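In what follows, a single structure is set out as C-alpha cells and then discussed.
The values are calculated or read from the model by the stated rules, or taken from the named source; none is laboratory data. Given the structure is predicted, the values throughout are model-derived calculations rather than measurements. Cβ placement follows ideal geometry from the backbone for every residue including glycine, while neighbour counts extend to all protein chains displayed. Quick note on the areas: whole protein, heavy atoms, side chains included, nothing else; ligands and nucleic acids left out. Shrake-Rupley method; radii C 1.70, N 1.55, O 1.52, S 1.80 Å.
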Amino acid sequence: MTQEHEQPVPARGKVLDALARAERAVFTRKIPQSAKAKVEFLLTRTKASTKELAERLNTSRRTVERYRAGKLKKPQKKLQEALVRETESEWQPQVRAQARERAATSGGMWVECEAYFGFTANGSSDDGRVRYISTPISPTYVAQILAARDDGATDEDLEPIVAEAITESYFTDWGTRAKGLRSDFTSVGYINLSF
C-alpha cells in the first residue's frame with residue numbers, strides 16, 4: 001500500500017465551483033476517464049516531471065509512477081478529486097479561453113441562484129429574503145469576475161461582484177428603475193453560471 005501525503009487543499013466556494021462547471025460545459029471533448037489516463041495527460045503538462053505532478057496532487061512521486069505504469073487503478077477520494085481538478089484545469093485551454101473572451105467582451109453570462117438578498121436604497125425597499133433568480137449578467141461584470149478569479153479571489157471576494165451584476169440586471173433593469181438600490185448577496189443556497 002502506498003503512502004499518500006495528504007495536505008489540505010483549499011476548498012472552493014459555490015461561486016468558484018459554478019465558474020468551473022461553466023467552463024467544463026464548453027469542453028468539446030471528454031476529459032480522460034481513468035486515473036492512468038489523467039496522470040499521463042497531466043505529465044504532458046509538467047514536462048514528464050513526476051515530482052512536480054506529485055506536488056500538484058499532494059501525493060508521493062512513487063504513487064504517480066504507479067498510476068502511470070497502471071499498477072494502481074482506483075485512487076482514494078482525495079487523490080481522485082485532485083486528479084479531476086487538475087485535469088479539468090489543464091483540459092482544452094483554448095476552448096475555455098475563447099468562451100471566457102466571448103463572455104467578457106460581448107456575450108455575458110447567465111446566472112441562476114438561490115440566495116438571501118438584503119437591500120439598501122434611497123427611500124424604502126423590500127425587506128431582505130431568500131430569492132430564486134435567473135438573469136443575464138453583462139460582459140463588464142463577467143470580465144470583473146473572471147479577472148478576480150484569475151487573481152486568486154475567494155467566494156467572499158466574488159459574491160459582491162455577482163450581487164452587483166444581479167442588482168443591475170434583475171432589480172434595477174439595467175438602471176431604468178430603483179435608482180440607488182444596492183443588494184447584498186449572502187447565504188448562497190446554490191448558484192449556476194453558464195457562458
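How many residues does segment 39-66 hold that are part of a loop (DSSP other than H, G, I, E, B), free of Cβ contacts under 8 Å to residues at least 24 places away in the same chain and either in contact with a strand residue (DSSP E or B) (Cβ under 9 Å, 6 or more places away or on another chain) or buried (at least 16 other Cβ atoms within 10 Å of the Cβ) (or both)? Please lay out each step first, then the result.
Residues of segment 39-66 that are part of a loop (DSSP other than H, G, I, E, B), as a first pass: 46-49, 58-60.
Subset that is free of Cβ contacts under 8 Å to residues at least 24 places away in the same chain: 46-49.
The next check asks that each one be either in contact with a strand residue (DSSP E or B) (Cβ under 9 Å, 6 or more places away or on another chain) or buried (at least 16 other Cβ atoms within 10 Å of the Cβ) (or both); those that pass are 46.
Residues meeting the conditions: 1.
Scanning segment 38-95 for residues that are more than 30 Å from PHE195 (Cα to Cα) and among the charged types (D, E, K, R) returns LYS47, LYS51, GLU52, GLU55, ARG61, ARG62, GLU65, ARG66, ARG68, LYS71, LYS73, LYS74. Looking across segment 124-146, the residues that are farther than 17 Å from GLY189 by Cα and in contact (Cβ under 8 Å) with a residue 12 or more places away in the chain come down to SER125, PRO136, ILE137, SER138, PRO139, TYR141, VAL142, ALA143, GLN144, ILE145, LEU146. Candidates are the residues of segment 157-173 that are open to solvent by 60 Å² or more (accessible area, probe 1.4 Å) and without any contact (Cβ under 8 Å) to a residue 12 or more places away in the chain; the one that is farthest from ALA22 (Cα to Cα) is ASP173. Is segment 79-89 home to any residue that is within 30 Å of ALA143 (Cβ to Cβ), among the small types (Gly, Ala, Ser) and either part of a helix (DSSP H, G or I) or more than 27 Å from the chain's Cα centre (by Cα) (or both)? Scanning segment 79-89, I find at least one residue that is within 30 Å of ALA143 (Cβ to Cβ), among the small types (Gly, Ala, Ser) and either part of a helix (DSSP H, G or I) or more than 27 Å from the chain's Cα centre (by Cα) (or both), so the answer is yes. For segment 53-78, the set of residues classified as under 23 Å from the mean Cα position of the chain (by Cα) and of a type in the set (D, E, K, R) consists of GLU55, ARG56, LYS77, LYS78, listed by residue number.
Check whether at least one residue in segment 109-125 is touching a strand residue (DSSP E or B) at 6+ places or on another chain (Cβ under 9 Å), modelled with pLDDT of 95 or more and in a helix (DSSP H, G or I), and report yes or no. No: segment 109-125 contains no residue that is touching a strand residue (DSSP E or B) at 6+ places or on another chain (Cβ under 9 Å), modelled with pLDDT of 95 or more and in a helix (DSSP H, G or I).
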